[in-house]
1. Looking at the chain, what % of its DSSP beta bridges pair antiparallel, to the nearest 5?
2. Could you work out what % of the accessible surface of the chain is carbon and sulfur, using a 1.4 angstrom probe and leaving DNA, RNA and ligands out of the count?
3. The stretch 41-102 to the stretch 396-449: how many Å between their Cα centroids?
4. Can you tell me how much longer the chain between residue 267 and residue 531 gets when fully stretched, taken as 0.36 nm per residue apart minus their C-alpha distance, in nm with one decimal?
5. If we count chymotrypsin sites (Phe, Trp or Tyr not before Pro) as exposed when they sit in a DSSP loop and have at most 16 other beta carbons within 10 Å, what is the longest stretch of the chain that avoids them all?
6. Which is the longest run of the chain containing none of the GluC sites (Glu not before Pro) found in DSSP loop states (not H, G, I, E, B) with at most 14 other C-beta atoms within 10 Å?
7. Quick one: length gained pulling residue 13 to residue 709 fully straight, 0.36 nm per residue minus the C-alpha distance?
8. At R0 = 22 Å, how high is the FRET efficiency between residue 609 and residue 543 if r is their beta carbon distance? Nearest 0.05 is fine.
Amino acid sequence: MQRFHRSDLSASITVFLIAVPLSLGLALATGAPLQSGLVAAVVGGIVAGSLGGAPLQVSGAATSLVVVTADLVHRYGWRATCAVTVLAGLAQLLLGVLRVARAALAVSPAIVHGMLAGIGTVIAVGQLHVVLGGSPQSSTIANVTALPGQLAVTDPTTPAIGAITVAVLLGWRRLRGRAGRLLGVIPAPLAAVVLATAVSAGLSLPRVDLPAWTAPVLPAMPTGPVLGIVAAVLTVTLVASMESLLSAVAIDTLQARRPGPHAPPARLDRELLSQGTANVVSGLLGGLPVAGGAIRGSANVEAGAVTRRATVLHGVWVLLCAGLAAWALELIPLAALAALVMLVGVRMVSFAHIRHVQRHREFPVYAATLGAVVLFGVLQGVVVGVVVALFLALRRLTHTRVTVTEEPECHRVRVTGQLTFLAVPRLTRAFAQVPDGVNAVVELDGSFMDHAAYEALNAWCVRHRSRGGHATLGDAAGRTVSEPVSAHACRPWTPWRNHHCTRPAVVPTTGGGRGPSRSHGHDHGQLLGGVSAFQRNTAPLVREELARLAREGQSPGQLFLTCADSRLVTSMITSSGPGDLFTVRNVGNLMPPPGSDSSCDSVAAAVEYAVEVLQVSNITVCGHSGCGAMQALLGSDHEPGAQTPLARWLRHGRPSLARLGRIDRPGRGEVALADRPVADELERLSLVNVMQQLDHLTAHPCVARRVGEGTLHLHGMYFHVGEAQAYILDRTTSVFSAVRPDTAPETTLETAKV
């Protein structure tokens, strides 16, 4: 535990150095007193950190609420804004008690990303005026129209300080060599603000002005229409809750990708309760609205935090800094803080998110949400996004086009869109145009068919065939959907060995035998029979996808290192298809460490190609039960002078054999199965071998570098052939846990990440 304390301490200092300039910048952007940002950081760290359901999440002044808070300050004043913060906190407490936190995750990602991008746009445009030495206007449109006039009266000194800040923020992580290693431990926001402050020393520039700390003044209820006040409270509640919950989920994913001990997974309802408590306290003490933030949270994880102590300590450091080092904060130029927040706003518009929503045909939702947030406000933007998303969903569900064309050999009925009961009248009218006794092809281009449409389609097919016609169902590419009688008849539960549909016919031999021997090509005939079945039945279904892969090249996300045993069918075990896995198979799923003899370069070359060229993000080492290589290791010494290729290769398994010898008692100690005892020494060696080969992998420089960067994750897997059961390794406990049919992805391979 002592090592954990040191890690939490260093992480808390890192987050503190990021939180101070960011909190001051967000307060500046909202027009609130600058000390309100520090109050939010202290409350977010100590209160939300102590009570929260996401231990590594760091809360503070909410980036996503800058626009909303600025509007509240402008409309109602600061004391009324604090009252809205308190009311929003009470609303969050109510939602937490009702346990509705998971419902926030049901909102379309396109709406969330559009909302954040809209907020980022408003922040960036508004803070640009501060960087230029002016003040932001009341709306984005006003900021844009006032920009030419602002440029005309700008003193070049102020934007120069902002430019220096942006340059340091963008270039800090790109430092190379010894200087990069030494300076890389300093957070970029701190380095940018310190450098801008040093450069501006002696210049007459607007700077941070912290008022003397006094007892907080109680919030005052805003005056105005009740509906407007309720809308303001709901907006703060909605945006703060969504940012906190989505950030908590992101932090969970981020920490699962790193090696070492992990904090417990986020408990979202508890996190919502803690955020509500923090907002009540922050509002009463004169602080900004509080929310969990991905910027501070990700920095906390990357700095090595493992418990909530790091979050709480960061709040303590902010409190001490505000009380003892206020004079240092007042040296910071406002242009530097504005540039910092402006860049945060720009980064909220993520092109990766845009590509993601475009790929899922959700860009209209994203664009509508973004535009409405910029023009009207956050709550209005979310409402517009929800309306557009519902409209698109209904349109996709109801928009169906049915056409009938007469071709030389058939009548073709094309159905584009989803087949629901609403499309049945159009479908029956189209079928009425097909004469009796002709060949008809019904071409379906959609992913959904309800029961009413199915009944109508099936009834017409039966009726048309009874009248002497022929009806075929096809897809958009003209491929037959219904299987012909001679098709491959195997089903998922049928044994794979010796399919009758791929086994060659028995041909009598001249010697009076009952069939060909293996030496006469029986197995080769079975192989060709299987290839023929592939060409007949599978190739038409995968040809389009394989053609795409041929054009675009391979980009697998996973390197799968497993044994050459014929009983391991990797595509079957992993339910993968073309382009999914870059597979390396050898005797014993061995990964020779660096420095082995040159005859082992094949495996190392494949790993290097997958890691450096294909840029895979995951490597899985998969062992299996009854492994012949492990049996050979247990039964032979494989002396260094062994001459056969197999004996020389199996020497790379001797470290696994030595590791097995260090285990005290069978089934305990260094390796175990979570669901049952380890069966025997052979199974124990197979499990130990998976762990040893993972260690060999991390010894390769290209793998170690990517793992250190957090862009490559290693997994261990064991497949019991007789049970048809896969087990996943948790390297923190050396325990292999069975993968269940209802196991979620994040609780299987995610828990085994290195």
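The values are calculated or read from the model by the stated rules, or taken from the named source; none is laboratory data. These figures come from a predicted structure and were not determined experimentally. Virtual Cβ from ideal backbone geometry, glycine too; neighbours counted across all protein chains shown. Heavy atoms of the whole protein, side chains included, go into the accessibility calculation; ligands, DNA and RNA do not. Shrake-Rupley method; radii C 1.70, N 1.55, O 1.52, S 1.80 Å.
1. Numbers: 20 of 53 bridges.
Around 40 percent of the beta bridges assigned by DSSP in the chain are antiparallel ones.
2. Details: 22550 of 36590 Å².
Summing carbon and sulfur atoms, their accessible area is 62 percent of the total for the chain.
3. Cα centroid to Cα centroid, the span is 54 Å.
4. Working: separation 264, 0.36 × 264 = 95.04 nm, distance 5.10 nm.
Extra length available between residue 267 and residue 531 comes to 89.9 nm.
5. Working: sites that count: 213, 376, 448, 493, 496.
Counting only loop sites that pass the neighbour cut-off, the longest clear stretch is 497-754.
6. Values: sites that count: 330, 409, 670, 723.
My reading of the result: 1-329 is the longest stretch.
7. Numbers: separation 696, 0.36 × 696 = 250.56 nm, distance 2.12 nm.
In short, 248.4 nm is gained.
8. On the way: r = 27 Å, r/R0 = 1.21.
Efficiency for this residue pair is about 0.25.
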